[in-house]
Amino acid sequence: MPKFFLTFAASLLILFTLELLKPVQQYLIQPFTGGLASLSTTIIEPFDANVISHGRVIRDSASGFAVSIEAGCNGVEATIVLIAAVLAFPATWRHKLIAIVAGFLAIQALNIARIISLFYLGQWNFSIFEWTHLYLWPVLIMLDVLMVFAIYLRWLTIPNATQRHPEQVENG
């Protein structure tokens, strides 16, 4: 267990440090964040023709209300926490890669729902928008990370359990 925590902490330190580097921000994080805004707008457009995006900003052209996807709101930090946990837990590199890709997709799917919901909450009631943005969604995103990691741990144990006790699998 101490090895897990040391590897987890070291991975967090390395990954968060890399994320803060100017070239990583400029060539990876900022374009990715702009892509989230563009994807969110693409999802909204069939239902709301007034939505536009520019860079990392999503705007309602009718009301002028806009949200900007900033650091901490693009799911990158949550993904870093998941990657660090996956890297710290003993498993094959193939299993780790599958968990990281699946986890990234799960985090970003929920994050897109977060971005869209906040876009509309902000137009409806700004105090509810602020509370939801600052308190509810960060908890839900980190719960998503925890659930993905828990599912990953469970998935890792399924093949091992059937290999050790084949008679239990056959007999139900």
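The values are calculated or read from the model by the stated rules, or taken from the named source; none is laboratory data. Predicted, not measured: the structure shown is a model, and the values here were computed from it. Glycine also receives a Cβ, built like all others from the backbone with ideal geometry; neighbour counts cover every protein chain displayed. The accessibility values were calculated without ligands, DNA or RNA, using every heavy atom of the protein model including side chains. Shrake-Rupley method; radii C 1.70, N 1.55, O 1.52, S 1.80 Å.
General remarks:
- F5 vs. criteria under 23 Å from L143 (Cα atoms), surrounded by 15 or more Cβ atoms within 10 Å (Cβ to Cβ) and among the hydrophobic types (A, V, I, L, M, F, W, C): no
- Boolean, E19 is closer than 24 Å to L140 by Cα and acidic (D, E): yes
- Pairs, first in contact (Cβ under 8 Å) with a residue 60 or more places away in the chain in the stretch 48-59, second surrounded by fewer than 20 Cβ atoms within 10 Å (Cβ to Cβ) and part of a loop (DSSP other than H, G, I, E, B), C-beta under 7 Å, six or more apart: V51/E45
- The set of residues from the stretch 8-24 being out of contact with any Leu (no Cβ under 8 Å at 6 or more places or on another chain), surrounded by fewer than 15 Cβ atoms within 10 Å (Cβ to Cβ) and part of a helix (DSSP H, G or I) comprises A9, A10, L13, I14, F16, T17, L18, L20, K22, P23.
- Filter result (within 16 Å of E77 (Cα to Cα), open to solvent by 30 Å² or more (accessible area, probe 1.4 Å) and touching a residue at least 24 places away in the same chain (Cβ under 8 Å)) within the stretch 103-132: F104, A106, L110
- Test: residue in the stretch 46-63 that is assigned to a strand (DSSP E or B), over 26 Å from V24 (Cα atoms), open to solvent by less than 40 Å² (accessible area, probe 1.4 Å) and not β-branched (V, I, T): yes
- For the stretch 95-102, the condition holds for no residue, the condition being that it is in contact (Cβ under 8 Å) with a residue 60 or more places away in the chain, buried (at least 16 other Cβ atoms within 10 Å of the Cβ) and charged (D, E, K, R).
- Given (1) within 15 Å of the chain's Cα centre (by Cα); (2) closer than 23 Å to T132 by Cα; (3) open to solvent by 40 Å² or more (accessible area, probe 1.4 Å); (4) touching a residue at least 60 places away in the same chain (Cβ under 8 Å), index of the condition A37 fails: (3)
- Within the set R114, R154, the sole residue that is in a helix (DSSP H, G or I), at pLDDT 95 or above and basic (K, R) turns out to be R114.
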